[in-house]
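Below is one structure, written out as C-alpha cells, with a few remarks after it.
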Amino acid sequence: MASLFAFSQNPATTIIIANKHITVPCGNSCLTLTATAPHIKQTDDYVLTRPAYVPFAYTTPTGNELTSIYSDDVFSTTIPLPFNICFYGSNYNSLVVGSNGLITFDITNAGLANSWPLTTSGGSGTPVPIPYAGGTQNSSFSTYYPKASVMGPYHDIYPTTNGSGQRKIEWRIEGTAPGRRFIASFNSVPMFSCTSTYNTSMIVVYEGTGVVEVYVHDKPICSTWNEGLVILGIQNYARDKAVAADGKNCTVWGGTNIDSCYRFVPSGGTSKLVSAQILVNGTVVANADTSTVSPGVLQANFPNVCPTLDSTAYVFRVTYSNCENAGANIVFTDTFFVKKLSPNITGIVKTDPGCTPNGSITINATGGVPPLQYSINGGTTFQSSNVFTGLAGGTYNIVVKDASGCTSTSTVTLTVANTVTETVAKTDANCTTGGTITITASGGGAPPYQYSINGGTTWQSSNVFTGLAAGTYNVVTQHIASLCTASQQVTISFTNNLTMSITDPAPLCRGGSFTPTVVSNATGYSWSPSTGVSNTAIAMPVITPTQTTTYTLTGTSGTCTIQRSITVNVFAGASANAGPDAVIFAGDTYQLTATASAGNYLWTPSSGLSSPTILNPVASPLATTTYTLTVTSPQGCTATDQMTLTVVPYCVKPMNAFTPNGDGINDLWLITNGNCLTSATAEVFNRYGAKVFGSNDYHNDWNGTYNGKPLPDGTYYYVITFRLLNGHMQTLKGSVTILR
C-alpha cells in the first residue's frame with residue numbers, strides 16, 4: 001500500500017531534475033527524461049550527499065522553545081516522538097537535545113551535562129574526531145560524544161545569553177504520516193567565549209526513510225576557545241561508526257552565510273527503492289531505468305518518451321519502502337514539462353469595427369517551419385497573409401500553422417464601436433388604455449433616427465408607440481446615416497383595473513323584490529338570466545324572482561370583462577283569505593271562515609274576537625267591523641286579507657194596532673222599524689180566517705183596507721215571513737187591531 005505524500009523530505013532538494021521545462025520539435029519527436037533522487041538503503045550505514053540549501057524555518061510561532069537548555073553545556077529533558085526514527089539499524093521514539101548543537105537518541109543523557117571539549121585535554125591538545133567511544137557521560141569537561149547522535153554542528157555554544165535578541169532553540173514536528181519530520185533549530189545562539197558572534201543551524205530527521213539533514217546558515221569560528229574545533233556528522237549507538245562532512249570532522253571551519261545542506265542518506269544493505277515512474281494525468285506511462293551515479297544518489301532514466309500533445313506534464317514519482325513500517329511506502333514527486341516547438345503567436349493587433357464591418361486583425365507569429373499560414377475561423381480556412389480586414393464584431397479563433405502542420409492558437413474579440421444609446425420609457429396597458437413606448441436616442445451622429453418595436457422588421461420616424469397590447473417588444477433605434485443601432489427588450493404589462501362587488505341579498509318571499517347593491521367602475525352591464533329583472537342593462541335593476549335563482553352580472557370596460565354572481569333564495573311565501581263578508585244582528589256571534597297557509601295568525605282589531613291569534617275565531621262585535629288577517633310563514637313571509645262583519649239592529653217589530661183614519665198618524669201598519677230585511681211576505685186574516693190582506697213584498701204600506709175599502713175596526717191576525725239581511729228566513733204570527 002502506497003501512501004502518497006510528495007514532500008516527506010524537503011521538496012526543493014529531494015528530486016533533482018536538471019531541466020524541468022523541455023522543448024522538442026513539433027511532430028512525433030521522442031526524448032529521454034532524466035532525474036535524480038536519493039538512493040535510500042538500509043540504515044546500517046550512511047553516505048553524505050550535498051543537496052541544495054533550502055532550509056525549513058529556523059523559528060516558528062508554534063515551535064516548542066527549549067528554555068531548559070538556555071544554560072551552558074546541558075541536555076534537555078526527554079522529547080517523546082509521535083513516530084519511530086530509523087537510525088543506524090535501530091528504531092527510536094524519543095530523543096534529547098544538547099545545548100551545544102546536537103541531538104542524541106540515548107535518552108539517558110536527559111538533563112545531564114553536554115560536554116564541550118573536542119580534544120584530548122579538555123579544550124586543548126589533539127582533536128578527537130568521530131567515531132569516538134571514550135569520555136565520561138555527564139561531565140562537562142570530558143570529551144564525551146553521545147551514543148546515536150547527530151552533530152549539527154557540534155561545538156561549544158553559549159545559549160545563556162541573548163546578545164542578538166534573536167536567540168531561540170526550538171523543536172517541532174511537521175508533515176503528515178508516514179512522512180513526518182523532527183526539527184531541532186538553533187537560531188542566533190552566541191558562541192562560547194566569542195559571544196558577539198552567533199550560530200544558526202538546524203537538524204532534521206525524517207520518519208520512514210532514516211534520512212538526516214543538517215542545515216547551516218552561520219557558524220562563526222571562535223579560535224580562542226576549544227581551538228575553534230567543530231564536528232558536523234553522525235555517530236551510531238555503539239560509537240564505532242560515524243559519517244562526517246568532508247573537512248568537518250573535528251576541524252576548524254566556519255563563517256557567516258555558509259548556507260549549506262548536508263544530507264546523510266542510509267546506504268547499508270539492500271536498496272529501499274520500490275519504483276521510479278512517470279505519470280500523465282495520474283496514469284503510469286513509463287518505469288525508469290535506474291543506476292547509482294554517486295554514493296546516495298540514484299539516477300532514473302526514461303528513454304523514448306514520445307509526447308502526443310503540444311504540452312504535456314510528466315510527473316516523476318519515486319517510491320521507497322518504509323524503513324520502520326513496510327506497509328506505508330514513502331513517495332516523492334516532481335514534474336517535467338515537455339512542450340513541442342510550434343509557431344508562437346507573439347501578438348495580435350486588432351481594430352474594432354464601427355457599425356459596419358470594417359474591423360481588422362493582424363497576427364504576429366514567429367518560430368515553426370516556414371511558411372506560416374493564418375486562420376481566424378479555428379482552422380477551417382487559412383491564408384498566407386497575417387492581416388484580415390472587413391471584419392464584423394465578434395470572437396475570432398486564431399490559428400497559426402507552419403509547414404509541418406504544427407499550430408498555435410489564440411482568440412481575439414472585436415467589439416463594435418456602437419455609440420448609439422437609447423433609453424425607453426413605457427406605460428403599461430389597462431382595460432381602457434393601451435400601453436405606450438417612448439424612445440429617447442442619442443449618439444451615432446446627428447439625427448435623424450428611426451425606431452422599431454419588432455426587432456427592425458418595420459420602422460417609423462416617431463419615437464412614440466401607442467395603443468400597445470401587453471407583451472415583450474424588441475425595441476431598436478437606428479441612426480439612419482451610420483446605421484448604428486441600439487436595442488433592448490421592453491415588456492408592456494397589462495393591469496386589469498376593472499372591479500366589481502355585489503352585496504349578497506337577503507332571502508325573499510315569493511312575490512318580493514329587491515334592488516342589488518353594486519359597486520363597480522364598469523361602463524356596461526348585463527344581467528343573466530333576464531327573468532324577473534326590470535332592466536338587464538343597468539347595474540342595479542329591480543329583481544323579482546319567482547323561485548330561487550342565481551343571477552350573474554357581467555361588467556365590461558374597454559377590453560376587460562368581469563363577472564359576479566349572487567343567489568337569491570325565494571321562499572314559498574304566505575297566503576291569506578279572511579273569508580266572505582258577513583252580516584249579524586247586534587248581540588249575535590259569527591264564526592269566521594278564513595283559510596291560510598301554515599304559520600302564525602293575527603287578526604286586527606282584536607276587539608270582539610274570541611282569540612286574535614287563531615285562524616277562525618268567533619266574532620261578536622258591537623258594531624260593524626272590518627277584520628284584517630295577517631299570516632306570517634316560518635321564513636317570515638306575510639300575507640293579509642280582510643273581511644267586514646256588518647252588525648245591524650233587529651228591526652222586525654210588527655204593530656199590534658194602528659189608526660188608518662187619514663190624520664197622518666199611525667195610518668199604516670208597520671212591521672219594521674229599521675232596515676234589517678231583504679224581503680217580507682205579509683198576510684192578514686180576519687177572525688173567520690178569511691185573508692183580508694196579502695203582499696209578497698211588503699214595505700210597511702198597508703192602510704187597513706181590503707179591495708180598496710176600509711176594514712171595520714177590530715182585531716185581525718197576521719202571518720209574516722221575511723228574509724233578514726243575514727240571509728236567515730223567519731216567520732212571525734200575531735194580531736193587529738184597527739182603530740179609527
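Looking at G394, G390, just one residue is over 46 Å from the mean Cα position of the chain (by Cα) and more than 28 Å from L341 (Cα to Cα), and that residue is G390.
Filtered by the rule that a residue be within 24 Å of D352 (Cβ to Cβ), touching a Phe, Trp or Tyr at 6+ places or on another chain (Cβ under 7 Å) and assigned to a strand (DSSP E or B), the stretch 378-410 gives Q383, V400.
Within the stretch 447-474, take every residue that is within 16 Å of A486 (Cβ to Cβ) and part of a loop (DSSP other than H, G, I, E, B) and give me the one that is modelled with the lowest pLDDT. The extreme case among them is P447.
Whenever a residue of the stretch 290-305 is among the β-branched types (V, I, T) and at pLDDT below 90, its partners that are surrounded by 12 or more Cβ atoms within 10 Å (Cβ to Cβ) and outside any strand (DSSP E or B), lying with C-beta atoms within less than 9 angstrom and at least six residues away or across chains, give the pairs T290/H39; T292/H39; V293/H39. Could you say whether any residue in the stretch 292-301 is in contact with a strand residue (DSSP E or B) (Cβ under 7 Å, 6 or more places away or on another chain), surrounded by fewer than 19 Cβ atoms within 10 Å (Cβ to Cβ) and part of a loop (DSSP other than H, G, I, E, B)? Yes, the conditions are met somewhere in the stretch 292-301.
Screening P153, P159, P190, P146 for residues that are assigned by TED's automatic domain parsing to the domain that holds A57 and touching an Asp or Glu at 6+ places or on another chain (Cβ under 6 Å) leaves exactly one candidate, P146.
Taking the residues in the stretch 599-619 that are surrounded by fewer than 17 Cβ atoms within 10 Å (Cβ to Cβ) and among the hydroxyl-bearing types (S, T, Y) as candidates, determine which candidate is farthest from R723 (Cα to Cα). Going through the qualifying residues, I end up with T613. Look at the stretch 317-328: where a residue is on the phi < 0 side of the Ramachandran plot and crowded, with 18+ Cβ neighbours inside 10 Å and a partner is among the basic types (K, R) and in a loop (DSSP other than H, G, I, E, B), sitting 6+ places away or on another chain with Cβ atoms under 8 Å, you get Y320/K272; S321/K272; C323/K272. G573 passes every criterion in (1) surrounded by 14 or more Cβ atoms within 10 Å (Cβ to Cβ); (2) at negative phi; (3) touching a Gly at 6+ places or on another chain (Cβ under 9 Å) apart from (2). Scanning the stretch 168-222 for residues that are within 60 Å of the chain's Cα centre (by Cα), basic (K, R) and part of a strand (DSSP E or B) yields K168, R172, R181.
Of all residues in the stretch 266-278, those that are under 12 Å from V331 (Cα atoms) and touching a residue at least 24 places away in the same chain (Cβ under 8 Å) have Cβ atoms under 8 Å from Cβ atoms of residues that are assigned to a strand (DSSP E or B) and charged (D, E, K, R), 6 or more apart or on another chain, in K272/K41; S275/R317; A276/R317; Q277/R317. Residue count for the stretch 51-63 under the criterion of being loosely packed, with under 14 Cβ neighbours inside 10 Å and either outside the structural domain of H217 (by TED's automatic domain parsing) or of a type outside the set (S, T, Y) (or both): the result is 3. None of T705, T672, T715, T678 is hydroxyl-bearing (S, T, Y), over 26 Å from V583 (Cα atoms), in contact with a Lys or Arg (Cβ under 9 Å, 6 or more places away or on another chain) and outside the structural domain of T626 (by TED's automatic domain parsing) except T715. Given the options T559, T626, name the one that is surrounded by fewer than 17 Cβ atoms within 10 Å (Cβ to Cβ) and farther than 12 Å from L645 by Cα. Selected residue: T559, the only one of T559, T626 that is surrounded by fewer than 17 Cβ atoms within 10 Å (Cβ to Cβ) and farther than 12 Å from L645 by Cα.
The set of residues from the stretch 136-166 being assigned to a loop (DSSP other than H, G, I, E, B), in contact (Cβ under 8 Å) with a residue 40 or more places away in the chain and surrounded by 19 or more Cβ atoms within 10 Å (Cβ to Cβ) comprises Y145, P146, A148, H155, D156, Y158, P159.
The values are calculated or read from the model by the stated rules, or taken from the named source; none is laboratory data. Given the structure is predicted, the values throughout are model-derived calculations rather than measurements. Note that each Cβ is placed from the backbone with ideal geometry, even for glycine, and that neighbours are counted across all protein chains shown.
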